[in-house]
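Asker: Structure provided below as structure tokens; questions to follow.
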Amino acid sequence: MTKRCSGSISTPGSSITVLAPAKINLILRILDRRPDGFHNLWSLMQTVGLEDEVVIRLSQDHSTIRLQCDSLSLSTDHTNLVHRAAAAVLHHSERKVGLDIMLTKRIPVGAGLGGGSSDAAATIIGLNRLLNLGWSAMDMAQVAQVLGSDIPFFFFAPSATVAGRGEHVSSIQIAGNRWVVLVNPGFPVETKWAYQQLSASRAEVQPLSHSHAALGRERHLSWKQILEVAENDFEVPVFKAHPGLQEIKRALLDQGAEAALLSGSGATVFGVFRNEVEAQQARARVQVQSQLKVFAVSTGSVPLVCQ
């Protein structure tokens, strides 16, 4: 994963560009329901090299937030996470400036890849740099956590464990690199629906396993350690409703993936491969239906936060 921050800072008309990477859940456990109605979760998350682009420019012509997006399926008003993230930064920093933001989408929407959350994080990171706010990763995460559960992770990327509602994030280092084949079926899975199906499909909540808890205590891990215990609680209910996703998982394993999983609540399924050659071969073989969106990308290797 790469990120680009460029442009002169804090002068009218200056701009900055931030690349917003997708994420995958190498482990995703959904635990007990919290008093606030949300679920506690435990996840090991990793960025991958499929990226949206967020360009932010300080405006000399107006004092509002104006968002444009190349995807007609997304709103560009105050309901968009990028717009909300920009507004939150201006509120917390007590700054009144005009912003022109251009969002270029490459990450499929509603795909379990955290595209909207990553775009929001990139917006906060870009404004932190553009406005010379000097916020730390923790400062930015505190601003972001009320906007969405996945957003804080991106300030500690490329690899981290995430707990609670998503607010407890601990960076980790995974030795080596892998390539990932992302297979999106061309339709979204709504997160609220997935949680409802999960609750209806299980008699009780299984506690975090000893193996996962042990990983959570480590700051340096190998891919072998992680992939041996890769798991996603959403697979049972989502695969039951969408059996084609289970077929995609089986196809990735048949093509030599070390592990294959649903990411987030879906609908994207990913396979982890040892190198680019194996991943590109699998991508070509899995891409058999026109509605499938298939990407072969490297795992992230550098932090998202501007240095």
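The values are calculated or read from the model by the stated rules, or taken from the named source; none is laboratory data. As the structure is a prediction and not an experimental result, all values here were calculated from the model. With ideal geometry, Cβ positions are generated from the backbone for all residues, glycine too; neighbour counts draw on all protein chains shown.
Asker: Determine which member of the set SER10, SER73 is under 30 Å from ALA279 (Cβ atoms), part of a loop (DSSP other than H, G, I, E, B) and either at pLDDT below 95 or in contact with a Gly (Cβ under 7 Å, 6 or more places away or on another chain) (or both).
Answerer: The match here is SER73.
Asker: Which condition does HIS210 not pass, out of (1) surrounded by 13 or more Cβ atoms within 10 Å (Cβ to Cβ); (2) free of Cβ contacts under 8 Å to residues at least 40 places away in the same chain; (3) not assigned by TED's automatic domain parsing to the domain that holds LEU58, if it passes all the others?
Answerer: Every condition holds for HIS210 apart from (1).
Asker: Further, regarding this structure: Does GLN225 satisfy being touching a Lys or Arg at 6+ places or on another chain (Cβ under 9 Å), assigned by TED's automatic domain parsing to the domain that holds LEU253 and either under 18 Å from VAL162 (Cα atoms) or part of a loop (DSSP other than H, G, I, E, B) (or both)?
Answerer: Taking the combined requirement at face value, the residue does not satisfy it.
Asker: Follow-up question, since we're still on this one. Would you point out which residue out of ASP119, ASP139 is within 24 Å of ASP77 (Cβ to Cβ) and acidic (Asp, Glu)?
Answerer: ASP119 is the lone residue from the list that is within 24 Å of ASP77 (Cβ to Cβ) and acidic (Asp, Glu).
Asker: Would it be correct to say that ARG106 is in contact with a Cys (Cβ under 6 Å, 6 or more places away or on another chain), of a type in the set (Lys, Arg) and over 19 Å from GLY164 (Cα atoms)?
Answerer: The answer is no for ARG106.
Asker: Still on this structure, please answer the following. For segment 103-161, give me each residue that is aromatic (Phe, Trp, Tyr) and over 16 Å from ASP52 (Cβ atoms).
Answerer: TRP135, PHE155, PHE156
Asker: Then there's this: Can we say LEU58 is part of a strand (DSSP E or B) and either over 30 Å from ILE172 (Cβ atoms) or modelled with pLDDT under 95 (or both)?
Answerer: Yes; evaluated as a whole, the condition is true for this residue.
To keep it simple, each residue is scored yes or no on (1) closer than 21 Å to ARG29 by Cα; (2) touching a residue at least 60 places away in the same chain (Cβ under 8 Å).
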| position | (1), (2) |
| --- | --- |
| THR123 | no, yes |
| GLY126 | no, yes |
| ALA137 | no, yes |
| GLN145 | yes, no |
| GLY164 | yes, yes |
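Asker: Something else: Test PRO21 against the criterion of being modelled with pLDDT of 95 or more and either under 18 Å from ALA111 (Cα atoms) or in a loop (DSSP other than H, G, I, E, B) (or both), and give yes or no.
Answerer: Spelling it out, PRO21 is indeed modelled with pLDDT of 95 or more and either under 18 Å from ALA111 (Cα atoms) or in a loop (DSSP other than H, G, I, E, B) (or both).
Asker: Confirm whether THR79 is of a type in the set (Ser, Thr, Tyr), out of contact with any Pro (no Cβ under 6 Å at 6 or more places or on another chain) and at pLDDT 95 or above.
Answerer: Yes, satisfied.
Asker: Filter segment 129-142 for residues that are surrounded by fewer than 24 Cβ atoms within 10 Å (Cβ to Cβ) and on the phi < 0 side of the Ramachandran plot and give the result.
Answerer: Once the filter is applied, which keeps residues that are surrounded by fewer than 24 Cβ atoms within 10 Å (Cβ to Cβ) and on the phi < 0 side of the Ramachandran plot, segment 129-142 yields ARG129, LEU131, LEU133, TRP135, SER136, ALA137, MET138, ASP139, ALA141, GLN142.
Asker: If you don't mind, there's one more thing I want to ask. Restricting attention to segment 98-135, report how many residues are hydrophobic (A, V, I, L, M, F, W, C) and either more than 18 Å from the chain's Cα centre (by Cα) or under 15 Å from MET45 (Cβ atoms) (or both).
Answerer: Residues in segment 98-135 being hydrophobic (A, V, I, L, M, F, W, C) and either more than 18 Å from the chain's Cα centre (by Cα) or under 15 Å from MET45 (Cβ atoms) (or both): 12 in total.
Asker: For residues that are under 22 Å from THR64 (Cα atoms) and of a type in the set (A, V, I, L, M), scanning just segment 96-119, find the one that is surrounded by the fewest Cβ atoms within 10 Å (Cβ to Cβ).
Answerer: Looking at residues that are under 22 Å from THR64 (Cα atoms) and of a type in the set (A, V, I, L, M), I get MET102.
Asker: Also: Identify the residue in segment 136-187 that is among the polar types (S, T, N, Q) and closer than 30 Å to GLN281 by Cα and, among all such residues, is nearest to the chain's Cα centre (by Cα). Even if it seems obvious, please write down each step before you answer.
Answerer: Filtering segment 136-187 down to residues among the polar types (S, T, N, Q) leaves 136, 142, 145, 149, 159, 161, 170-171, 173, 177, 184.
Narrowing further to those that are closer than 30 Å to GLN281 by Cα: 159, 173, 177, 184.
On the way: SER159: 11, GLN173: 17, ASN177: 18, ASN184: 14 Å.
Checking each candidate, the answer is SER159.
Asker: Looking at ASP32, ASP36, can you tell me which residue is in a loop (DSSP other than H, G, I, E, B), at pLDDT below 95 and either within 21 Å of VAL169 (Cβ to Cβ) or assigned by TED's automatic domain parsing to the domain that holds ARG178 (or both)?
Answerer: Sole residue among the options that is in a loop (DSSP other than H, G, I, E, B), at pLDDT below 95 and either within 21 Å of VAL169 (Cβ to Cβ) or assigned by TED's automatic domain parsing to the domain that holds ARG178 (or both): ASP36.
Asker: Identify all residues within segment 206-222 that are more than 12 Å from SER171 (Cα to Cα) and part of a strand (DSSP E or B); write none if there are none.
Answerer: Matches in segment 206-222: SER222 only.
Asker: Just to be sure before I move on: is ALA87 under 14 Å from ARG66 (Cα atoms) and either in the same structural domain as GLU190 (by TED's automatic domain parsing) or assigned to a helix (DSSP H, G or I) (or both) in the structure I sent?
Answerer: Yes: the conditions hold for ALA87.
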